[in-house]
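Structure, as C-alpha cells:
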Amino acid sequence: MDPRIWNSLPEDILYRILSVASLETLLILRSTCKRFNSLFLSPAFLSSYKSSQPSPSFLCLSHPHFGRNRFAVYDTLRRRWRNRALPISAFLPRSLASSTLLASSKGILCFSCPASPVSFLICNFLTKSTRTVKFPNHPFPIESLNLVVPTSSSGDYKIFALCPGISFRQGFVYDSASRRWHQFDDITPNIKTNTRQEGVIHGDTLYFYTVEPYSIVGYDLEQRRWNRALSVGELIGGGSRVSFVRLVGDAGEQKMYLIGGIATGYGTVSEVKVWELDDAGRKWVEQGNMPAEMCRKFAAVCYHNYQHLYCLWHGGMICLCCNTWPEVLWFDVAAREWGWLPKCPLLPEKGNFGFTWFSVVPDLNTLV
C-alpha cells in the first residue's frame with residue numbers, strides 16, 4: 001500500500017485495521033516508523049486490541065553454559081528452539097543489562113535491580129515500560145517470590161514475598177495500583193518454600209502447598225489473611241501415600257491444578273497424576289495419569305528427590321521442570337496428552353545442574 005495512504009488514515013480507522021493483526025505482526029511494524037511505535041503504546045490502541053491470531057509464547061531457559069543473563073528460547077507456537085541464546089538486553093535497556101530475571105507472569109518480568117540492591121525492576125518488554133519497586137526491608141533474603149497478575153482487566157499486578165525472620169517469617173505484598181507495600185507476620189511456617197515454585201493465583205487468593213503432611217493453604221490478597229489449610233489426602237480422597245505435590249494454575253481461565261506423585265510401599269513413585277479443582281472450589285477431579293514408561297523415566301530424572309522439581313503453567317500446558325535435568329515434561333490439559341520438550345540444542349552433552357525455566361507470554365495490556 002502507498003505510504004501516503006497510511007499517513008492520511010485517521011487514527012481510529014488505523015486502530016481498527018491493526019487491532020486484528022497478530023502480535024508478531026505488530027512487533028515487526030513497530031520498528032518500521034515512529035508513528036507505529038507510538039501508536040502501539042497509546043492507551044486507546046491497547047484498550048481496543050483484540051487479535052484473533054494465536055499469540056506467541058516462549059519458554060526461556062537460563063543455564064551457566066549460555067553465560068550470565070542469556071537465555072535459550074523455545075517458541076511454543078512454532079514448536080522449535082531459536083538458534084542462538086538471547087541476551088537480557090532483548091528485554092531491558094542496555095544500561096540495565098546486569099539485572100537478573102527472578103519471576104515472570106502474564107507479559108511482565110521481575111528483575112533484580114542493579115542500581116539498588118533492595119529494589120525490584122518490573123518490565124513489560126513489549127511496551128518497553130519499566131518501573132523500579134523498592135523493597136521495604138533491608139537486608140532482604142527472600143525465600144519465596146511471586147509476581148501475580150490477577151484476572152481483572154485493570155492491568156495491575158502484585159508482588160508477594162516471604163522473608164525469614166527470627167521466630168517466624170515476614171510477608172510482604174506490593175500492590176501496583178496503590179504503589180504500596182503491606183507487611184504481615186506469616187503464621188503458616190509449614191509452607192514449602194521453593195525458590196522456583198511460585199504460588200498459584202485463583203480468584204483473589206494465592207495458594208501454596210505445605211511440607212508433609214501435605215496440605216493446601218491460601219493467602220487472600222484482598223482481605224490480607226490466610227485461609228484454613230486443607231489436607232491433600234482429604235482433597236483427592238486417597239488412601240494412597242502422596243510422595244510429592246505441586247500446584248499450578250491458569251489465571252485467565254480461573255483453573256487450578258494439583259500434580260501429585262503416588263508412592264508404593266517402598267517409597268518409589270509409581271504414578272503421577274493431575275487433578276483439577278472443580279468450579280465450586282470444593283473437589284479435585286482427576287484429569288490425567290502419566291504413562292508408566294514416562295513415569296519411570298521421570299522418577300529416574302528426579303533421582304527420587306523431588307525438592308528440585310517445580311511446575312509452570314504455559315499456554316494450556318503444565319510443565320514439570322527440574323533444576324538438575326535439561327528436559328521439560330509437559331501435560332496438555334485440553335488434549336490430556338503427555339510429552340517431553342525437545343532438549344535444547346545449545347546445551348552441552350554433559351551438565352546436570354542450573355536449569356532455570358521461565359514462561360514468557362507477551363501481553364500489551366499489563367501495565368507496569
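List of remarks:
- Checked against the criterion of being part of a strand (DSSP E or B), more than 18 Å from the chain's Cα centre (by Cα), farther than 18 Å from ALA72 by Cβ and of a type outside the set (D, E, K, R), segment 289-307 has at least one qualifying residue.
A quick yes/no check of all residues on (1) over 30 Å from THR324 (Cα atoms); (2) surrounded by fewer than 15 Cβ atoms within 10 Å (Cβ to Cβ); (3) modelled with pLDDT under 75:
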site: LEU14; (1), (2), (3): yes, no, no
site: SER22; (1), (2), (3): yes, no, yes
site: PHE36; (1), (2), (3): yes, no, yes
site: PHE45; (1), (2), (3): yes, no, yes
site: PRO64; (1), (2), (3): no, yes, no
site: PHE71; (1), (2), (3): no, no, no
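- Breaking point among (1) within 19 Å of the chain's Cα centre (by Cα); (2) among the aromatic types (Phe, Trp, Tyr); (3) modelled with pLDDT under 90, for TRP330: (3)
- Residue satisfying condition, being crowded, with 19+ Cβ neighbours inside 10 Å, in contact (Cβ under 8 Å) with a residue 24 or more places away in the chain and more than 23 Å from the chain's Cα centre (by Cα), within set VAL248, VAL200, VAL242: VAL242
- Residues of segment 337-368 classified as assigned to a strand (DSSP E or B) and within 14 Å of the chain's Cα centre (by Cα), total: 5
- Segment 56-100, residues that are without any contact (Cβ under 8 Å) to a residue 12 or more places away in the chain and either in a helix (DSSP H, G or I) or at positive phi (or both): ARG79, SER89, ARG94, SER95
The values are calculated or read from the model by the stated rules, or taken from the named source; none is laboratory data. Small disclaimer: the values here were computed from a predicted structure and weren't measured. Cβ coordinates were reconstructed from backbone atoms using ideal geometry, including for glycine residues, and neighbour counts include every protein chain displayed.
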